[in-house]
Amino acid sequence: MTKRILQWWQSGIIYHIYPRSFQDGNGDGIGDLTGIISRLDYLSHTLGIDALWLSPIYPSPMADFGYDIADYRDVDPIFGALDTFDLLVREAHQRNLKVIIDYVPNHTSDQHKWFGESRSSRTAAKRNWYVWADPQEDGTPPNNWLSVFGGPAWSWDAATEQYYLHSFLSSMPDLNWRNPAVQHAMFEVVRFWLDRGVDGLRIDTAHYIMKDHAMRDNPSNQIVHTTFHKSFGAYDTQLHLYDKGDADVHNVFRDLRHLLDSYGQEQPRIALGEIHIFDVPTWASYYGEQLDELHMPCNFGLLNTPWQAQAIRQAVDTLESTIPACAWPNYVLGNHDEHRIATRIGAAQARVGMLLLLTLRGTPTLYYGDELGMENVPIAPEHERDPWGIHMPGLGLGRDPERTPMQWEASPHAGFCHAEVAPWLPVAANATTMNVATQLEDPQSFLSLTRKLIDLRRSSLALSGGSYRALESTSTNCFVYMRETADERWIVALNTGTQDQILNVTCAGDASIILSTYLDRQEHVDLATLALRGNEGGLIQLT
């Protein structure tokens, strides 16, 4: 077994920050870049992550809280200024932290100057920078495409008597990536941020940017199910074959990869892509046939996999057997679009989930607060802020519950903002006990578990970059796998049930539990009679 030299984006851990909710630095109840800078020591030294990924910080009307961008080359005053961002990059790099930013290429805000010019007349220089189309003979939209946020994906512009396309809110018109001028302008945006020292891009809705050239109707979906995602209402009544994911998108990503590679291979600049495609071979195609597209298409497979040992194993094994040779996997259990992992599977199993996330082969992305076991915060309907939930009521699509302020300490508003300032979303009721300061004092806390796992991962070549293979055991309630190099072997055993299990793991060697998710045992074990308590995961070293 040969040793593999890993790049920073392969061996490291990415930490996802929702800037509005991480730390308020200027006293207005909204998180900002100054607040993030003040917490860099926590990220680098206390927690030990390697890269931070920021959700959008650009100037925006905030119709979708920053994903509706009015200027790609600046920072919204809510979050700071370009100088503040530059300081963040410098301070992060001094702590050996990489900085990844959200790149939103599919659409702009309708307040962007490009769209203002585009909609000014049919002959405007930037008319073809967005997707415009004539109505059908009866005046209805050009085709049957639907918006993810509800209703048709087309809005009528009375002044120019055409429809424009918006895959999301009507205030977020889609760019026309078939126009070379758009591609050039958007690649210049990438250069702007790379020249400021950014280490990578997380590309929002990456597969949406290329639609069917003929704009054909989507076929109906005869079997509507939610096995792989939550219900999107009427949107689920179509098979979305033509409104996203056209094969021409791969040409764009090859060109983007060439641009990123031009900044050098010693410290590579990377591209992660948000791609909600649950057909694994199609999803994996975004690595590129020659691994010349995205460094990592974001893998959301575990977010909606039933929390059962064999279902989790199947998801992992399918990924491992499908991605191209030498491609690097990645995993995520929580993000700003999904309910908190501790809410989805329970606090006890969330600890098992953290062991899974930090020991699978591939790059883990850790959502802020998940290192504590933070849970969803109930949001009363009258206080809902998220447009997805507001525009599509009754489906539970609102994302406010997982975007609430980070819980730092037991003070008012959990140390997120000053006591006399109301935070933009409410702080969890249990923040007085579930917070960073309290958990740092508890050797068996969720944060203590996360820190120990990160330390073990960092110190072990097998856990950070070794091979993966599933192991057989006598319990269908347990998922057991091996991580190994030529010099190291580790077994990870996860009990996803509430009942105690006795396993017979078919593997030779002296075995010792180095870490239990309960943080209360380190002992020699017999793999033929390996005992796991309910809701327990074990990290076992073989000699």
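None of the figures in this text is laboratory data; all of them are computed from the coordinates on show. Keep in mind the model is a prediction, meaning the values are calculated, not measured. Here Cβ is always computed from backbone atoms with ideal geometry, including for glycine, and neighbour counts include all displayed protein chains.
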The helix 446-459 Cα axis meets the longest alpha-carbon principal axis of the chain at an angle in degrees, between 0 and 90 and rounded to 10, of 80
One point scatterer per Cα, no solvent, Debye formula: log10 I(q)/I(0) for the range 113-165 at q = 0.23, 0.32 Å⁻¹ comes out as -0.86, -1.22
When H240, H184 are ranked with the fewest other C-beta atoms within 10 Å first, the list becomes H184, H240
Residue-ordered couplings for the range 175-181, obtained by feeding phi - 60° into the Karplus form 6.51 cos²θ - 1.76 cosθ + 1.60 and rounding to whole Hz (Gly and Pro as x), are 6, 9, 6, 7, 8, x, 5
Output row, site K113, 7 Å Cα→C-beta label point, backbone N cut-off 15 Å, window the range 126-167, residues 126
On each of the three principal axes the extent of the alpha-carbon atoms of the range 467-542, given in whole Å and largest first, is 35, 25, 19
Any residue on another chain or 5+ positions along whose placed amide H is under 5 Å from the amide H of N176 is listed here as Y130, V131
Under 30 Å between C-alpha atoms, the lysine pairs in the chain lying 8 or more places apart or on different chains count 11
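Please tell me the relative contact order of the chain in percent, rounded to the nearest whole number, where contacts are Cα pairs under 8 Å and at least six residues apart.
Values: 1154 pairs, mean separation 68.3, N = 543.
Across the chain, relative contact order equals 13 percent.
Defining a contact as two alpha carbons under 8 Å apart and six or more residues distant in sequence, what relative contact order in percent does the range 113-165 show?
Numbers: 72 pairs, mean separation 16.6, N = 53.
It rounds to 31 percent for the range 113-165.
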For the S121, A311 Cβ pair and Förster radius 56 Å, calculated FRET efficiency rounded to 0.05 is 0.55
Listing M482, M215 by rising number of other beta-carbon atoms within 10 angstrom, fewest first, gives M215, M482
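Working out 0.36 nm times the residue gap between S467 and D83, then minus their Cα-Cα distance, what length gain in nm do you get to one decimal?
Details: separation 384, 0.36 × 384 = 138.24 nm, distance 4.26 nm.
Value of the extension gain: 134.0 nm.
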Taking only the alpha carbons of the chain, the radius of gyration and the largest Cα-Cα distance, Dmax, both in angstrom, are 23.6, 77
Amide H proximity to Q162 below 5 Å, modelled H, separation 5+ or other chain, gives D157
Rounded to the nearest Å, the spacing of the alpha-carbon centers of the range 461-492 and the range 1-76 is 32
Check: C-alpha center the range 120-166 vs C-alpha center the range 274-338, spacing in Å is 34
Per the helix-only model, the chain has a calculated mean residue ellipticity at 222 nm (DSSP H runs of ≥4, -39500 (n - 2.57) each, divided over all residues, rounded to the nearest 500) of -6000 deg cm²/dmol
If D236, D76, D500 are placed from fewest to most neighbouring beta carbons inside 10 Å, the sequence is D500, D236, D76
With Cα coordinates, the longest principal axis of the chain makes an angle with the long axis of helix 249-261, in degrees rounded to 10, of 70
